[in-house]
């Protein structure tokens, strides 16, 4: 009998070790890779500095760079932010045309639903209030697989609507969204110390390996999602293919097949909008928020300079020493690049300062898709329409942003942004007649798509502008105007937030968390914590 018990214990232990080893082996490999570049730079914040000397220089004023810079400024670091354009914010910014205001690229923001959410943490650490900078939007319409589904979290939540449409799947729908919500809240639980969920390698670095080993027990629901792809999770709950097609609607923006989207990514980037009934629109196209972060940096002794395009990140003996801007040098022991990884490594750093194996791997990463964006002002009252409309069947979407923020259009009129996935190869060289013709054709085709949902829409356009992938390429220095830099697939091993060059960090959509405002803010916060040596 004792022999049987011992054999059972050994078998059980062996099975546990096998699954634990199988799940932790890739984590161990990632951690080893991370440790190669886990250098440390000591910064003396109290040391007197000349006008051109700083503790940290941020290259680019996208929301990742501003998040990092404002967090560091709040902790007493002397920060310099350098922006090549006239306005701050990158995609998190806007412009005006004849009384209509448009966002460059951000209409729907996550990370503000739960108290421990990423943007909530940033607001808390910078002393800002959510209601001053963001407006919740709960009404949205989806078209998928011939279905037309209107959601309003005030009266028509996702489980009620889908249960009516798919009565045979009613129990599965309730179970799916309940489990997804638990997993999402587990993901963000325990974030009071650092404000962001830590990756496995950072859990080991900050808390030790024992904390990582406890992760499956402490966050069992999230762990189940993190160890499967989205297709596996959908198939686990549902049988109806039309239902699966609808629930996966928002992965259209990730631009990767379901089997290449991690279950955890699907929860944070896509399902969260369905679980909580919508996202948040930045007030006045995000301009007040970027200005508030800008003012905080300057109030704490830092500087923010626009129309300052960085030509080179200066490196001496493999260590960052500062940056060069049009013949002028600024010095700092730490530089955080908010520019994409390709521009950072190949234009600003230079291949001569990097290992060939490293640069070869970066060059071979597939780029993400880009978009064609139309910015339209119409002399129509569109308040009877949902503010967000996503049409998976026609592969486009649009936001009537003035329905959420009335200041974006003259009274009785509407501000509309329409987007469709596209690639730079579809467009000739900028400035040519062929380019202008192609851009006009694309714009007219997109207006026709909107007109199928809003009759006579095209006849009421009084302001129009558009951005092609080539436009985004020019203004963001992103090759091919790729929205997320690299493809957001589980097959793609994105670069770390720490570079092989001592003193150089990356806080952009290029790195581990990928694209999207919440993800980029996560990376900016991570960089700020690492620079501050993870002090609590």
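Bear in mind that the values in this text are calculations on the coordinates, not laboratory data. It should be emphasised that the depicted structure is a prediction, and the values quoted were computed from it without experimental measurement. All Cβ positions, glycine included, derive from the backbone under ideal geometry; neighbour counts span all protein chains shown.
Obtain the nm distance between the two label points defined at residue 351 and residue 436 by a simple spin-label model: each point lies 7 Å from its Cα along the Cα-to-C-beta direction.
3.7 nm
If you compute Rg and Dmax of the Cα atoms in Å for the structure shown, which of (i) 23.9, 87; (ii) 26.5, 120; (iii) 24.2, 75 do you land on?
Working out Rg and Dmax of the Cα atoms in Å from the coordinates points to (i).
Work out, step by step, the length gained on full extension between residue 425 and residue 491: first 0.36 nm times the residue separation, then minus their alpha carbon distance; give nm to one decimal.
Stretched out fully, the residue 425 to residue 491 stretch lengthens by 21.4 nm.
Can you order the peptides 102-113, 331-342, 123-134, 503-514 by their average number of other Cβ atoms within 10 Å per residue, highest first?
Peptide ranking by packing, descending: 503-514, 331-342, 102-113, 123-134.
Using a Förster distance of 60 angstrom, determine the FRET efficiency expected from the C-beta separation of residue 145 and residue 533, and round it to 0.05.
0.75
Measure off 7 Å from each Cα along the Cα-to-Cβ vector at residue 411 and residue 227, then give the distance between these two points in nanometres to one decimal.
6.0 nm
Just to verify a number: FRET efficiency for residue 366 and residue 35, C-beta to C-beta distance, R0 = 30 Å, to 0.05?
Efficiency, rounded to the nearest 0.05: 0.70.
What FRET efficiency, computed as 1/(1 + (r/R0)^6) with R0 = 35 Å and r the Cβ-Cβ distance, is obtained for residue 189 and residue 240, rounded to the nearest 0.05?
0.65
Over the stretch 35-107, what portion of Cα pair distances is larger than 13 Å, expressed as a whole percent?
So the portion of pairs separated by more than 13 Å is 73 percent.
Which order do 430, 408 fall in if you start with the one that has the fewest other Cβ atoms within 10 Å?
The order, fewest Cβ neighbours first, is 430, 408.
Alpha carbon centre of the stretch 435-489 versus the stretch 120-134: separation in Å?
Computed from Cα coordinates, the inter-centre distance equals 32 Å.
Indicate, rounded to the nearest 5 percent, the antiparallel portion of the DSSP beta bridges found entirely in the chain.
For the chain, the DSSP antiparallel bridge percentage is about 70.
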